[in-house]
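The structure under discussion appears below in the form of structure tokens.
The values are calculated or read from the model by the stated rules, or taken from the named source; none is laboratory data. The structure displayed is predicted, hence computed values, not measured ones. Here Cβ is always computed from backbone atoms with ideal geometry, including for glycine, and neighbour counts include all displayed protein chains.
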């Protein structure tokens, strides 16, 4: 009797699972809808998908550093018609004021009916690119420096600190992940990205498996995190791990375009094996008195005789005259928060502390 009951319960659960899939894939199709952009453009799309996915499929590229997971908030757009009420997941990221203004997170908003949306003009300038892998080098146990030659279009214009979104196929569909551009902005025919392998991570696993000659598709550039090239202030860069990538682009730009500005470059790693591109920054520091390089290790390492400790303690020890500086931070949230507290205590205004958490 107990066995029959278990069989019935399992069979019923399986039936409910299939029913949910059926409802999601068949019943929840909303037919063809019309999307109106900025009150002047229209296109048709099949309902039932997220607004972010619908826009990407129609070659409108919206920032989404988290890959559509609803955590970064970069994909927010004003939806004036057809959006309905904001979802609880959106309320965790959007402010009450943004919700009142009609902002929605396009990755969370499902397209069910005709919509009217506003896309910032700069997003309409974002392009899709075809590239070819030139080189892929393992620079730590889990980070690859990957260089991509642009094929179509043959060049890209970006600001030091911005990122691109790499597209990859998943079970006949596509997904995308964001990666900062590490190369010099003047080298417009090729970009470099630094990719940390995440266990079971779709994007990093895909990119680590690519080899020279392979084709890759991406869009960009994206992001409000970039060097203020009109400023004369001291530059403070602070990187943790693979967060070095966008700050490497800033340092490379500084070397050829802004070397008259002071720059303090802080790079925190666990061991010497994780301290990649160390010699490049040492060389920069050796060539210019305006470039001060402060690498530090958080773990014990017998091969290291330099600074030790978490990187925010190194900044606290060395940075002077913070009120004259502007800061660019990239790394884990816990690092960003700790460094921000130190910078504020040193007199760096909040509005001059820019960061990219991952």
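Scanning the range 221-249 for residues that are in a helix (DSSP H, G or I) and surrounded by 24 or more Cβ atoms within 10 Å (Cβ to Cβ) yields 242, 243, 244, 245, 246, 247, 248, 249.
Of all residues in the range 153-174, those that are in contact (Cβ under 8 Å) with a residue 12 or more places away in the chain have Cβ atoms under 7 Å from Cβ atoms of residues that are surrounded by fewer than 18 Cβ atoms within 10 Å (Cβ to Cβ) and in a loop (DSSP other than H, G, I, E, B), 6 or more apart or on another chain, in 154/189; 155/188; 155/189; 156/188; 157/188. For the subset of the range 188-213 comprising residues that are within 17 Å of residue 252 (Cα to Cα) and modelled with pLDDT of 95 or more, which member is surrounded by the fewest Cβ atoms within 10 Å (Cβ to Cβ)? My answer is 189. Looking at (1) touching a residue at least 60 places away in the same chain (Cβ under 8 Å); (2) more than 23 Å from residue 163 (Cβ to Cβ), which is the one condition that is false for residue 43? All conditions pass for residue 43, except number (1). Please verify whether the range 228-242 includes one or more residues that are at positive phi and touching a residue at least 12 places away in the same chain (Cβ under 8 Å). Yes, the range 228-242 contains a residue that is at positive phi and touching a residue at least 12 places away in the same chain (Cβ under 8 Å).
Whether a residue is surrounded by 15 or more Cβ atoms within 10 Å (Cβ to Cβ), within 25 Å of the chain's Cα centre (by Cα) and more than 29 Å from residue 185 (Cα to Cα) was assessed, and residue 310 passes this test. The residues of the range 193-215 that are over 16 Å from the mean Cα position of the chain (by Cα) and assigned to a loop (DSSP other than H, G, I, E, B), listed by number, are 199, 200, 210, 211, 212, 213, 214. For the range 220-266, the set of residues classified as over 21 Å from residue 307 (Cβ atoms) and under 13 Å from the mean Cα position of the chain (by Cα) consists of 220, 221, 222, 223, 224, 225, 226, 245, 246, listed by residue number. Looking for something buried (at least 19 other Cβ atoms within 10 Å of the Cβ), more than 17 Å from the chain's Cα centre (by Cα) and in contact (Cβ under 8 Å) with a residue 24 or more places away in the chain - is there at least one such residue anywhere in the range 88-106? Within the range 88-106, one or more residues are buried (at least 19 other Cβ atoms within 10 Å of the Cβ), more than 17 Å from the chain's Cα centre (by Cα) and in contact (Cβ under 8 Å) with a residue 24 or more places away in the chain.
Restricting attention to the range 140-150, which residues are surrounded by fewer than 17 Cβ atoms within 10 Å (Cβ to Cβ) and either closer than 25 Å to residue 39 by Cβ or in contact (Cβ under 8 Å) with a residue 60 or more places away in the chain (or both)? Scanning the range 140-150 gives a single hit, 141.
Only one residue in 218, 267, 281 is part of a strand (DSSP E or B) and not assigned by TED's automatic domain parsing to the domain that holds residue 166. Which one?
After ruling out the rest, the residue left standing is 267.
From the list 76, 110, 59, 149, the lone residue that is outside the structural domain of residue 207 (by TED's automatic domain parsing) and under 21 Å from residue 218 (Cβ atoms) is 59.
Scan the range 286-306 and tell me whether some residue there is buried (at least 20 other Cβ atoms within 10 Å of the Cβ), modelled with pLDDT under 95 and within 21 Å of residue 145 (Cα to Cα). Checked the range 286-306: no residue is buried (at least 20 other Cβ atoms within 10 Å of the Cβ), modelled with pLDDT under 95 and within 21 Å of residue 145 (Cα to Cα). How many of the residues making up the range 259-276 are over 14 Å from residue 236 (Cβ atoms) and surrounded by fewer than 20 Cβ atoms within 10 Å (Cβ to Cβ)? Going through the range 259-276 one residue at a time, the tally reaches 6.
Residues being closer than 20 Å to residue 66 by Cβ and out of contact with any helix residue (DSSP H, G or I) (no Cβ under 6 Å at 6 or more places or on another chain): count how many of those fall in the range 329-358.
The initial filter retains those residues of the range 329-358 that are closer than 20 Å to residue 66 by Cβ, namely 329-337, 354-358.
After this cut, where a residue has to be out of contact with any helix residue (DSSP H, G or I) (no Cβ under 6 Å at 6 or more places or on another chain) as well, the list is 332-337, 354, 356, 358.
Qualifying residue count for the region: 9.
Residues in the range 110-139 that are touching a residue at least 60 places away in the same chain (Cβ under 8 Å), within 18 Å of the chain's Cα centre (by Cα) and closer than 23 Å to residue 83 by Cα: 123 alone.
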